[in-house]
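This report refers to the structure that appears directly beneath it.
Please treat every number below as a calculation from the coordinates, not as lab data. Keep in mind that what you see is a predicted model, and the values were worked out from it rather than measured. Reconstructed Cβ throughout: ideal geometry from the backbone, glycine too, with neighbour counts over all protein chains shown.
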Amino acid sequence: MVVPALLTAGLTAFAAAPAAADTAPVPQDAVGDLKSDHIYVHDEITEDTVSGAIRDQLGEAAQETESENPVYLIMLPEESFTSKMELDAYMDGVMDEVGDGVYAGFMGSGANNFFVDSPNLETSELNQIEQNVAAADPATEPDALAAVPEAVAEQESSEAASGMFGIALLAILAVVVVGGGFYLVNARKKREAEKAKQLAEIKQMAQEDVVRLGEDIARLEIDLRAVDDATRTDYTHAMDSYDRAKATLDGIREPQDIQQVTTALEDGRYYMTATRARLNGDPLPDRRKPCFFNPQHGPSTQDVQWAPPSGAPRAVPACQACTQAVLSGGDPDVRLVEVDGERRPYYDAGPAYAPYAGGYFGMSMMMGMFSGMMMGSMMGSMMGAGMMGAGDMGGDMGGGDVGGGDDFGDFGGDMDFGGFDF
């Protein structure tokens, strides 16, 4: 086994080498490959030792990691350096040129020649990464390097969890198949299949919303030549937003891109509602967030106290019909979505649906409405690789006591959305 001795060895000792190579590796030789491919294999390491296919798979795994810090993999000949000091000096030169990230590699073979370094992480964080690699129980040097991206993501997840929730999230690496190539290919196929499944489900959901908005606009049966400028402007705005939502939906390739579609739908539904009000001679609707229970209902008319099953009541925006249903003790018309062949409320459908809600409600409001419903899975996704556009979250999350489910953030002045308590 390659890495079981990592913890006891501390990654500070190297196997004795007869002497340094005549020409020790220089940082500049590695910089270009690391920047472009995230892996550098010294010229003296032959195809017989590490095949080109394995090198490509390792590079792809490093580039596709979902961790916050980029991962770079290095393989050097065993006699490259005679001391850790020389290796440290070499790595300092490499990291100065390439930048922040996690650098892991082997100088030759064997547990004692495995190293992990970083210009921006603390020693304790690097130690955690080493422990995560050891936990994967790799059988060969390529297997150990293949485990590094997940080990880095695991360390970041654990650190974020302890900082955000005050609990220790332990993640266990899946079964490591002997042979780095087989392990990498299957892991990638699994990720791609899950992502494709999520994308198909949320695209279907957004497609239903796009069709519904188009049908509602068509029902206006408006003659643009017979209306005033204000009505014509609102109607044109509604049509433009509908066209933008439809065009964006056709082009999305990532689950998080659905947020662009629902942002356009929220805009189009408001202006469609405004157009209808002008045609009927009614007061224009306030520009409020959509109905929480079903964004297809259009802008909300007021906030209503509502509690999910076995949860604490919270104020949520609701349309007139849903408000009356809640106040009369009935069930509002909730937007249901298809998840693994089962229809369930969109707000309880898992982290893949977070971008859908984010486009309608904005990140700040969504954080409050959804906490407690899918706190574990959704929050993990949002705190990871920026899936949800985390830049919007910082200002509204402040001071909430997440652990207790109290006021988690606010939206729109006096609208206070704390986490639902289940």
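Treat the count of other C-beta atoms within 10 Å as a stand-in for reagent exposure and order Lys190, Lys203, Lys289, Lys84 from fewest to most. The partial results should precede the final answer.
Numbers: Lys190 11, Lys203 17, Lys289 22, Lys84 14.
If I rank by nearby Cβ atoms, fewest first, I get Lys190, Lys84, Lys203, Lys289.
With 10 angstrom as the radius, rank Val71, Val152 by how many other C-beta atoms surround their C-beta, starting from the fewest.
Details: Val71 25, Val152 30.
The fewest-first ordering by Cβ neighbours comes to Val71, Val152.
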- Only loop residues by DSSP count here, and only those with at most 12 other Cβ atoms within 10 Å; note down the trypsin sites (Lys or Arg not before Pro) in segment 272-369 that meet that. Arg287
- Query: Using the 10 angstrom Cβ neighbour count as an exposure proxy, how do Tyr72, Tyr242 rank, fewest first?
  - Reply: Tyr242, Tyr72
